[in-house]
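To keep things clear, I will list the structure first and then write my remarks on it.
The values are calculated or read from the model by the stated rules, or taken from the named source; none is laboratory data. This is a predicted model, so every value here is computed, not measured. So basically every Cβ, Gly included, is an ideal-geometry build from the backbone, and we count neighbours across all protein chains shown. In case anyone asks, the SASA skips ligands and DNA or RNA and just uses the protein heavy atoms, side chains included. Shrake-Rupley method; radii C 1.70, N 1.55, O 1.52, S 1.80 Å.
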Amino acid sequence: TRRGTESDLDVPLTPHVGVGVGSRGGATEAGATLRIGPDLDRLVPEGSEAFGDRPRWYLYAAGSGRAVGYNFARTRDGDYARSGYSRDSGGFLGDASIGVAYRRGAMQGSIGLVYREIEARELQGFDNINNDVDEGMIAFQFSIKP
């Protein structure tokens, strides 16, 4: 459900339900996400629409499969210039990350600070072993998304 306010803020409500069955039994979850703010799709263009296959450097923050960042693309003279904000979707390493990336068409290479949470479910029952781990790392990622 998506509603707008008089001040042009979007207020989307996204419900979700999940059911899973595994070797440890079944699991269910339900919830909703309420966001209040400007519509990101209207404010920030999709990177592939704004730049096409042009190469660009990209300072980004990513989470939930989406990244928003500030671009530096080449001008006609061959110099890099500030080229504004864009958003990109894809498979990003970890739960949240910030860093710098080089993008060209379907290819991306990035280096950044990555945060992730890991839960080792098979180790439940051991009292002296921590099975929930949060970690941060510096990571390099290269991906091609044809």
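For every residue, the table says whether it meets (1) exposed (fewer than 15 other Cβ atoms within 10 Å of the Cβ); (2) within 16 Å of the chain's Cα centre (by Cα); (3) at pLDDT 80 or above.
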residue	(1), (2), (3)
Leu13	yes, no, no
Gly26	yes, no, no
Ala30	yes, no, yes
Tyr60	no, yes, yes
Thr75	yes, no, no
Gly84	yes, no, yes
Ser89	yes, yes, no
Ser97	no, yes, yes
Ala101	no, yes, yes
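What is the one condition in (1) at pLDDT 80 or above; (2) touching a Leu at 6+ places or on another chain (Cβ under 9 Å); (3) hydroxyl-bearing (Ser, Thr, Tyr) that Thr1 does not satisfy? With (1) at pLDDT 80 or above; (2) touching a Leu at 6+ places or on another chain (Cβ under 9 Å); (3) hydroxyl-bearing (Ser, Thr, Tyr) applied to Thr1, the lone miss is (1). When Ile138 is tested against (1) aliphatic (A, V, I, L, M); (2) closer than 30 Å to Pro15 by Cβ; (3) open to solvent by 50 Å² or more (accessible area, probe 1.4 Å); (4) at pLDDT 85 or above, exactly one condition is not met: (2).
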